[in-house]
Amino acid sequence: MRKLGIPTVVDRVVQQAIHQVLSPLFEKQFSEFSYGFRPKRSCEMAIIKSLEFLNDEHDDWVVDIDLERFFDTVHHDKLMRIISNTIKDGNVISLIRKYLVSGVMVNGKYEDTPVGTPQGGNLSPLLSNIMLNELDKELEKRGLRFV
């Protein structure tokens, strides 16, 4: 089960502010075929695009991939390196890292979060999309179609 990292009200506001500033910067980099947790995109749109691919004469099969426990296994250093390629403000970088390593409560006890993006924060979906964008770019480079 994915660990919940539900932030305080103040942290939630700060995370939302970070998200609102960073999202447009990264949104320009994301694949047009990426639909998860994206503005003006939905599951339904992804399904429609996949049906378009299926109806195309060139596609005979579909591969369904579930990156099990992806959110729990995001490597912080790699994620921060990717973010640092776009964001140069050290204070923002430091703040994001602090949210990543802030820990979670499990059965009333604090646990460190040396990896992963804890569920519950406003920033988690964007950080995951930033990381998954690396996969999307590799799929595009190989000429594979995906949603």
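The values are calculated or read from the model by the stated rules, or taken from the named source; none is laboratory data. Keep in mind that this is a model prediction, so the values were computed, not measured. Ideal geometry is used to build each Cβ from the backbone, glycine not excepted, and the neighbour counts take in all protein chains shown. Remember, those area values only see protein heavy atoms, side chains included, never the ligands or the DNA or RNA. Shrake-Rupley method; radii C 1.70, N 1.55, O 1.52, S 1.80 Å.
Run lengths n ≥ 4 of DSSP H only: what is the helix-derived mean residue ellipticity at 222 nm for the chain, with -39500 (n - 2.57) per run over all residues, to the nearest 500?
Calculated mean residue ellipticity at 222 nm is -15500 deg cm²/dmol.
Which loop-located trypsin sites (Lys or Arg not before Pro) does the stretch 24-112 contain, where loop means any DSSP state but H, G, I, E or B and the Cβ has at most 12 other Cβ atoms within 10 Å?
Lys28, Lys40, Arg69, Lys88
Averaging the inverse of every distinct alpha carbon separation and then flipping it gives the Kirkwood radius. What is it for the stretch 23-96, in angstrom units?
One over the average 1/r among Cα pairs gives 15.3 Å for the stretch 23-96.
Which one, Trp61, Phe26, Leu100, projects farthest toward the positive side of the charge dipole computed for the stretch 1-125 from Cβ point charges (K/R +1, D/E -1)?
Checked the options; the winner is Leu100.
Could you tell me what fraction of 2.2 N^0.38 Å the Cα radius of gyration of the chain comes to, as a two-decimal ratio?
Normalised by 2.2 N^0.38 Å, the Cα Rg of the chain equals 1.15.
Express the accessible area of the stretch 94-135 per residue in Å², computed with a 1.4 Å probe while the remaining protein chains stay in the model.
For the stretch 94-135, the per-residue accessible area is 48 Å².
Skipping prolines and chain starts, which residues have an amide H placed within reach, meaning under 5 Å, of the one on Gln119, given they are 5 or more residues away or on another chain?
Residues meeting the criterion, in which the H sits 1.01 Å from N, are Lys3, Gly5.
Could you grab the relative contact order for the chain? Cα pairs under 8 Å, six or more apart, rounded to a whole percent.
40 percent
Taking the solvent-accessible surface of protein heavy atoms with a 1.4 Å probe, what is the per residue accessible area of the stretch 10-59 in Å²?
70 Å²
What is the angle, in °, between the Cα long axis of helix 124-141 and the longest principal axis of the Cα atoms in the chain? Nearest 10 is fine, range 0 to 90.
So the helix axis and the longest Cα principal axis differ by about 30 degrees.
Please report the carbon-and-sulfur percent of the accessible area for the chain; probe 1.4 Å, protein heavy atoms only, DNA, RNA and ligands left out.
57 percent
Give the angle, between 0 and 90 degrees and rounded to the nearest 10, that separates the Cα long axis of helix 43-55 from the longest principal axis of the Cα atoms of the chain.
30 degrees
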